[in-house]
Amino acid sequence: MKPFIAADILLPAPQTDMGLWPALACDQFTSQPEYWQKAEALTQNAPSTLHITLPEAYLESPDVDGRIAAIHTAMADYRARVLTRGVHGFVYVERATQSGVRQGLVGAVDLEAYSYEKGSAPLVRPSENTIVERIPPRLAVRRGAPLETPHIMMLLDDAACGVVEPFAKKKAALEKLYDTELMLGGGHIAGWAVTDAADIAVVENAVTALGTQAAFDAKYPDAAGRPPLAVAVGDGNHSLATAKAHWEEIKAALPPAARQSHPARWCLVELVNVHSPALDIEPIHRAVFGVSMTELAGAFLSFAARHGAHACGMAGAQQTFCFVDETCAGPGTAERVECLKNAPWPLAVGTLDAFLTEFLAQRPGAKVDYIHGADNVRALARAGAVGVILPDFAKSDLFRGVVLGGVLPKKTFSMGHAEEKRYYLECRQIAPQTL
């Protein structure tokens with residue numbers, strides 16, 4: 001089984017305004033609808049992937065069903081008159097961000113090689129816990145959708161940099177597909193078509209080889225003999241889980257032969273090397289609503305003590321947590337740093353996640369949101385939330401954590417700032433009929 005293969009990729013016509021076509025990943029700015037209002041104002045009269053995706057800021061809006069229906073209508077319209085360019089192969093992507101130029105390959109991951117079920121260890125696996133409650137609203141968008149467009153980024157543990165990076169030297173000989181600034185501070189992106197059969201075979205075989213038992217045992221001797229891992233989800237965990245849930249629904253109604261070629265069996269993703277110097281792995285912070293900082297921090301320290309941890313100074317800290325709320329002294333925020341030694345979970349996010357699960361179960365009026373960027377946490381704190389800023393997440397912890405300890409706690413890390421997340425751009429048909 002090849003976990004990552006070439007895809008039939010759809011792109012908008014050359015005359016499309018490519019500065020407006022790509023839209024930011026739907027799970028960003030979930031508590032800041034003003035971002036999405038700005039994006040809607042910019043794209044209201046132009047083809048844009050914003051019109052075929054559902055920002056999570058609107059998941060609980062009263063018109064969500066109407067939004068989903070409009071998405072499906074826009075998809076059919078775009079497939080007929082906008083998405084007129086096709087590429088069979090991969091798209092080599094260079095994304096310029098504050099961290100440097102992030103390289104990737106857009107292709108298709110085989111959903112038969114992936115599972116988000118607890119205890120499973122497939123070739124393609126999540127790096128974080130999947131919150132199954134987050135799947136149904138996304139599934140409502142995917143059901144009946146003729147197209148998909150991904151914000152999913154898959155990670156490859158390729159220390160030799162031999163899969164994605166070589167295309168940087170070949171790009172002068174490749175067809176350039178797009179080259180544009182991204183709206184609302186998203187940086188710059190360019191993409192080239194990788195259609196040569198030899199190049200396609202090299203990529204597919206290299207990713208497959210990383211998932212062999214021999215390669216896995218050599219790379220992770222502490223985990224030798226365990227089921228091998230080829231690629232892990234870096235971003236868009238719940239979008240990939242939704243694609244899997246959708247495929248399982250479709251597969252159940254198909255005869256065995258048809259399951260081998262139905263387009264919904266695959267999901268379009270971007271593959272990125274975790275060793276890329278331009279790939280920043282950052283913690284995802286928390287914003288808690290409906291509580292005070294005194295109450296939240298106090299309950300947290302009590303929870304930690306009950307699990308064998310104790311507060312300490314910065315010098316002896318194993319884990320640090322910065323609680324942030326609105327200051328009464330004027331505009332801004334007040335911050336309270338708590339440090340723990342002998343923490344009950346190996347990562348700070350695990351300790352915090354376990355605490356919040358218990359705390360929120362006892363306070364039905366409180367809720368938590370997952371926030372990218374410390375500045376965004378502070379902005380929400382000024383608006384009345386209590387923020388918890390987590391310490392930096394070491395990139396090297398990611399694959400070893402998945403291999404040795406299973407999936408990481410939910411919403412552990414993010415790859416870059418909110419505006420640096422993958423923008424929706426390439427599309428793929430997931431319904432077998434010609435539209």
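FYI, it's all coordinate maths here, none of it is from the lab. The shown structure was predicted, so the numbers you read here are calculated from the model rather than taken from an experiment. As a convention, Cβ positions derive from the backbone with ideal geometry for all residues, glycine included, and neighbour counts pool all protein chains shown.
Relative to the longest principal axis of the Cα atoms of the chain, helix 197-210 runs at roughly 30 degrees.
Just to be sure I understand: of the beta bridges DSSP finds with both ends in the chain, what percent are antiparallel, rounded to 5?
On the way: 66 of 74 bridges.
Around 90 percent antiparallel, to the nearest 5.
A dipole drawn for segment 231-384 from +1 and -1 charges on Cβ atoms has a positive end, and of Ile281, Ala383, Pro364 the residue lying farthest that way is Pro364.
Rg/Rh for segment 375-435 to two decimals, with Rh computed the Kirkwood way over all alpha-carbon pairs.
Details: Rg = 17.9 Å, Rh = 15.6 Å.
Ratio of gyration radius to Kirkwood radius for segment 375-435: 1.15.
Between segment 344-371 and segment 123-190, the alpha-carbon centres lie 29 Å apart. Local charge for Ser31 was computed over the other residues whose Cβ lies under 11 Å away, with Lys and Arg +1 and Asp and Glu -1, and equals -2. The charge dipole of segment 328-419, taken about its Cα centre with unit charges on the Cβ of Lys, Arg, Asp and Glu (plus for the first two, minus for the last two), comes to roughly 120 debye. Output the 0 to 90 degree angle, nearest 10, between the alpha-carbon long axis of helix 64-81 and the longest principal axis computed from the alpha carbons of the chain. Between the helix axis and the principal axis of the chain, the angle is about 30 degrees.
Sort 241-253, 167-179, 296-308 by packing, meaning the average of other beta carbons within 10 Å per residue, with the highest value first.
Numbers: 241-253: 18.5, 167-179: 13.9, 296-308: 16.2.
Result, highest mean Cβ count within 10 Å first: 241-253, 296-308, 167-179.
The magnitude of the dipole of the chain, with charges of +1 and -1 set on the Cβ of Lys/Arg and Asp/Glu and taken from the Cα centre, is near 580 debye.
Ordered by packing density, taken as the mean number of other Cβ atoms within 10 Å over each peptide's residues, highest first, how do 225-237, 58-70, 27-39 rank?
Details: 225-237: 21.5, 58-70: 12.8, 27-39: 17.6.
Ranking, from highest mean packing down: 225-237, 27-39, 58-70.
Packing, taken as the mean count of other beta carbons within 10 Å per residue, orders the peptides 113-121, 256-264, 86-94 from highest to lowest as 86-94, 113-121, 256-264. Measuring r between the beta carbons of Ala197 and Gln260 and using R0 = 25 Å, the FRET efficiency lands at 0.75.
I'd like the orientation of helix 33-43 relative to the chain: the angle between its Cα long axis and the longest Cα principal axis, in ° from 0 to 90, rounded to 10. Between the helix axis and the principal axis of the chain, the angle is about 20 degrees.
Pairs over the 30 Å Cα-Cα cut-off, from the set Lys176/Lys251; Lys176/Lys410; Lys244/Lys367; Lys170/Lys421; Lys176/Lys421; Lys170/Lys244: Lys176/Lys251; Lys176/Lys410; Lys170/Lys244. Shape class for segment 245-377, computed from the alpha carbon gyration tensor (a ≥ b ≥ c): prolate, with a/c not under 1.5 and a/b above b/c.
Semi-axes of the equivalent ellipsoid of segment 1-114 are 25, 18, 17 Å, computed as sqrt(5λ) over the eigenvalues of the C-alpha gyration tensor in descending order.
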